[in-house]
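S.K.: Dropping a structure here in structure tokens format, bear with me for questions.
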Amino acid sequence: MSVVYLLEAFQTILSDPSSLLFILTGVTAGIIVGCLPGLTATMGCALLIPFTFGLPPIQGLLMLMGIFTGGIYGGSISGILIRTPGTPAAAATLLDGYPMAQKGEAGKAIGIGTIASFVGGTIGALIMAFLAPQIADFGLRFGPPEFFALAVFGLTMIISISGESLLKGAIAAILGLLLTTIGYDPLSGVPRFTLENDNLLGGITFIPALIGMFGFAQVFRNIEKMEVVPQVKSKVGKILPSFKEVKPLLPTMTKSGGMGAITGSVPGLGCDVAAFVAYGEAKRTSKKPEEFGKGSHEGIAAPEAANNGATGGAMIPMLTLGVPGDAVTAVLLGALTIHGFQPGPLLFQDHPEIVYPIFAGMILCQVVLLIVGLFGARTFSRLINIDIKVLTPVIFLLCILGSYSMRFSFFDVGLALTIGVFAYFMGHFKFPVSPILLALILGPMAEQNMRRSLMLSQDDLTIFISRPISAVFLILAVVMVITSYRKYKKLQKIDNDAKQNAQKS
Amino acid sequence: MKCISFLCVALLTISSSVFADFPEKDITLVVPWSAGGGTDTIARALVKNAKQHIGVNVNVVNKTGGQGAIGMGATKRARPDGYTVGLITFGLSTYKPMGLSNQTFRDYELLQLLNQSSAALTVGKNSQWNSLDDLITYAKANPGKVTLGHTGAGAAWHLSAAALGVLYDVEFNYIPFDGGAPTRSALLGGHVDVIATGIDEVKQLHEADQIKILAVNALTRHPAFPSIPTLAEAGYKVDAPVLDWRGLALPKNVPDDRVDVLASGFKRMFDDPSFREYCEKVGLILVYENSDGFEDFLANMEKVLEPTLGAVGLLK
Amino acid sequence: MDSRRIDTGVGLGLAVLSSVIYFFAGQYTAFGVNTYGPNFFPQLLAVLLFICSGCLVFNALRGNSKAELEGFHKGGLIKVGVTLAIAVLYLFAMQLLGFVISSMMFLYLIMFALGKKQHWRIALISISVTAVVWFIFAYLLMIPMPEGIFSRSY
């Protein structure tokens, strides 16, 4: 049944060239907004909603979905090129994307990212089209204990992103978790660590922290090293990855795309969590884990496939339950409502004429993304050939504006700069910053759901293991810790041997 | 030299604006909640046809954070030239008593009230309770056993449910969630027994027959939910229900003539048929009060809230 | 750079920080909440942080922290300080002079501080970059940029 509807929807969209134009505009605008630090897919959609008032609903939605897809993808371009993720979802991509760009292979890194985004996004869209109701029911079974277990599972990815010292990674993660306790506590109504400052009542805002940790810290590093380290030039000639290089990545992409779609479909988790989970999983199961963090192709493919897969996943609870999966879908929900469609259980019955074009449009967005992305990769990869003494000030300016535009606040810029200085010194002292980021994403989820669960169970700790889904995730977390730790020890040994050999010769 | 020319330019622009018509450029509407959310969509729907009604566009700017305190604080500190209008919401009634921020409605030049929402007590489709009486009887017999999910400590819906609990001596196990959407999904997933949310937030689920709304905490029935009884009709009368509200305000000291222009301009946007139609669709009750009526309403709300906040231990 | 000294210093600093956090978090109590109140999570984290920083110091003293730390490049560090100062000035300038003028000055000064000495070229770059950025942010995305004293309402 649904296949027929879907094909019909394709026909409707494809028969009207203006629809394709809206997708193209949306995806391109999304990529631009996404790759500017601080301007996220959420913001892009929110800003464009007024424009879609005047359009027919389907066209308007196609454009918004284009921005969503393009925005999540665009974030990784700046992550790869300048180690400043444009959106939080791209923070895992830069772990391998930036080292690869530093080898002069920026074009190839973007190419792999594009193909992975396409594969992951298409899988996400297909899962959305065919399994939406079933997955939505599964998502509902997540109550507070399950969310807590999931957050703990997510936090075990710290091992995979800690770099050289696990202890320093753990310290960074704890500091990140502590940062999330700043501000108003929605469970008790008590303001914590706010120093009586209204600006801190809402806690450390995520975007300024992201820009500080990656953007500003990288700007400072560039400035310090400018005289001693020569600038990397992107290789000319063959820019895109060959089929031979892509083929071994396909299983990773497929798996990560599926994982992304499932992760994204749980309300409250988003593209960013999906990317980190996929990265950790890819590293854990990889045949060449020693390459991770140094420019591994898999390390780019996995998070990129996952975060674009999650875009499809996040649409599922929004459409079927009226519960947004993340911030962007919350905006899309608003857009649907404005156009007179109430997302929820009735939408599928009452308005198939809007549901199926959404599915078809999501798939078409991925195709357009692939085309625009591969054409753009060439141009984008040349950006790092700009004189670093010109490029760095421009990035500096963009980071300042990015942290300002989140909520038009100079306090946020100051906060981002302060975090940037800290992150810069952390880099020098070999403390990894990615665990802080992961902690910032998962911290509130872990704390609130732990306390919420214990309110439900009236202080009975067994609630976490007596419920099946929560127990499974906690067991998975333990397995993840053990296997990742073994792998980490093994890698360290390889590293040490290599160093000793180097010293001998 | 540069400084002097800067000053000249500044002086020129000041003097020209004194004689100019108001408004001569776009007005900013500060919304303290994020883009795409409930409050934001209302604000955007309100100002959609601003140009017809006030002659210039009104641009929505989202200044989020601090439970709304950031955006409202920005309105309070804005230049009192009438070009910055702020949306103010329920939080303003609780900041001071809860010790979150020092702002109260007295720091603003109030423009008008936009809407009032009332709380609904909702249970799942297959719940054993079919009326408010069933629920309260059960909860009284089993103190602390019934889990009641709400949208956050100190939010209107928490206080609304707590007021009922305090008045009739019922002990619920209150479970705070972070906003309306997670609260709804907790009910659908069966993780809590009852939820207290705004009645408009459960409209879609109600129409899809996924839930049962037991009662609405208001003095009269909601026009979009004619079959849902009020608390008094369900047998549990509450004299002054805690209502969520949204309104418009200006910083203090805006010149009177400009306040008048804005007040009548926003009233016309408020009466715009397309705005009314939108609100009806999403189940929002529009309530207009002019500046004086708004002030009375807020002063009264303070009196209602203090004992409730005290009873749930949130009063500082 | 000597990683032992750094690790010991950082570890001791973090230990002090965790104690302070533990003490402050103890004040956050709420009525009607169960045992795991608003103080629980920060205090738990403070304890974990204390343990981890202890390990860091212990490892460093035993000579186990073998990682080679990146040395600071002294001239570079000074440049970082200078550009940071320019950035802070820029934030104040933006509120006074508005976005356009202050951004042009910011770009010009940073490029100059980084060793670009062709005045005409960097002035041209500053102006064109500011124009493009202003077009995207203020015009296309309609983000209200600070206008400073040039705001039209005054």
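S.K.: Using only Cα atoms, find the angle between the long axis of helix C:119-134 and the longest principal axis of chain C, and express it within 0 to 90 degrees, rounded to the nearest 10.
M.R.: 70
S.K.: Can you tell me which of C:41-47, A:40-46, A:402-408 comes out highest on packing, and rank the rest after it, using the mean Cβ neighbours within 10 Å?
M.R.: Those peptides, ordered most packed to least, come out A:40-46, A:402-408, C:41-47.
S.K.: Pull out the extension gain between B:Arg106 and B:Leu219, defined as 0.36 nm times the separation in residues minus the alpha carbon to alpha carbon distance; nm, one decimal.
M.R.: The span from B:Arg106 to B:Leu219 would gain 38.0 nm if fully extended.
S.K.: Now for a separate question. Please turn the phi angles of the stretch A:468-481 into ³J(HN,Hα) values with the Karplus equation 6.51 cos²θ - 1.76 cosθ + 1.60 (θ = phi - 60°), one per residue in order, whole Hz, x for glycine and proline.
M.R.: The phi angles translate into x, 5, 5, 4, 4, 5, 5, 5, 4, 4, 5, 4, 4, 4 Hz.
S.K.: Okay, moving on. Compute the acute angle (0 to 90°) between the alpha-carbon long axis of helix C:40-61 and the principal axis of greatest extent of the alpha-carbon atoms of chain C; round to the nearest 10°.
M.R.: 80
S.K.: As a test of the formula, what do you get for chain A when each DSSP H run with n ≥ 4 contributes -39,500 (n - 2.57) and the sum is divided by the residue count, at 222 nm and rounded to the nearest 500 deg cm²/dmol?
M.R.: -24500 deg cm²/dmol
S.K.: I would also like to ask the following. Counting each DSSP H run of 4 or more residues in chain C as -39500 (n - 2.57), what helix-only mean residue ellipticity at 222 nm follows after dividing by all residues, to the nearest 500 deg cm²/dmol?
M.R.: For chain C, the value works out to -22500 deg cm²/dmol.
S.K.: Using a 10 Å cut-off on Cβ to Cβ distances, tally the other chain neighbours for every residue of A:446-456 and report the average as a whole number.
M.R.: 6
S.K.: Inside 10 Å of the C-beta atoms of B:71-83, what's the mean count of C-beta atoms belonging to other chains?
M.R.: 2
S.K.: By the scheme Lys and Arg +1, Asp and Glu -1, what is the net charge of all other residues having a beta-carbon under 11 Å from that of B:Met72?
M.R.: Net charge in that neighbourhood comes out at +1.
S.K.: Now a separate question. Between C:Phe72 and C:Leu17, what is the spin-label point distance in nm, taking each point 7 Å from the Cα along the Cα→C-beta axis?
M.R.: Spacing of the two 7 Å Cα→Cβ label points: 1.7 nm.
S.K.: Additional query: Would you mind pulling out the separation of the Cα centroids of the stretch A:301-371 and the stretch A:32-65, in Å?
M.R.: Using only Cα atoms, the two centres lie 13 Å from each other.
S.K.: Would you please put A:317-327, A:341-351, C:7-17 in order of how densely packed they are, using the mean number of other Cβ atoms within 10 angstrom per residue and starting with the highest?
M.R.: The densest-packed peptide leads the list: A:317-327, A:341-351, C:7-17.
S.K.: Now, a different point. In deg cm²/dmol and to the nearest 500, what is the mean residue ellipticity at 222 nm of chain B if only DSSP H runs of at least 4 residues count, each as -39500 (n - 2.57), divided by the residue total?
M.R.: Theoretical 222 nm ellipticity from helices: -12500 deg cm²/dmol.
S.K.: In nm², what is the average projected area of the convex hull enclosing the Cα atoms of the stretch A:364-492?
M.R.: For the Cα atoms of the stretch A:364-492, the hull's average projected area reads 14.6 nm².
S.K.: Could you compute the net charge surrounding C:Leu56? Neighbours are other residues with a C-beta less than 10 Å from the C-beta of C:Leu56; K and R count +1, D and E count -1.
M.R.: Cβ neighbours under 10 Å give a net charge of 0.
S.K.: Rounded to whole Å, give me the distance from the Cα center of the stretch B:153-197 to that of the stretch B:300-316.
M.R.: When both Cα centres are located, 17 Å separates them.
S.K.: So what's the angle, to the nearest 10 degrees on a 0 to 90 scale, between helix C:99-113 and the longest Cα principal axis of chain C?
M.R.: Tilt relative to chain C: about 70 degrees.
S.K.: Another question, if that's okay. What order do you get for A:263-273, A:25-35 when each peptide is scored by the mean count of other beta carbon atoms within 10 Å, highest first?
M.R.: Ranking, from highest mean packing down: A:263-273, A:25-35.
S.K.: For peptide C:133-141, how many partner chain Cβ atoms fall within 10 Å of a residue's Cβ, on average?
M.R.: Average neighbour count from other chains, rounded to a whole number: 4.
S.K.: Give the shape of the stretch A:206-305 as rounded, prolate or oblate, defined through the alpha-carbon gyration tensor: a ≥ b ≥ c are the square roots of its eigenvalues, a/c under 1.5 means rounded, and otherwise the shape is prolate if a/b is larger than b/c and oblate if not.
M.R.: oblate
S.K.: Pull out the extension gain between A:Lys233 and A:Thr285, defined as 0.36 nm times the separation in residues minus the alpha carbon to alpha carbon distance; nm, one decimal.
M.R.: Length difference between fully extended and current span is 15.4 nm.
Computed from the coordinates by the stated procedures, all read-outs in this text should not be read as laboratory data. A quick note: this is a predicted structure, and the numbers were derived from the prediction, not measured. No Cβ is skipped: glycine too gets one built from the backbone with ideal geometry, and neighbour counts run over all protein chains shown.
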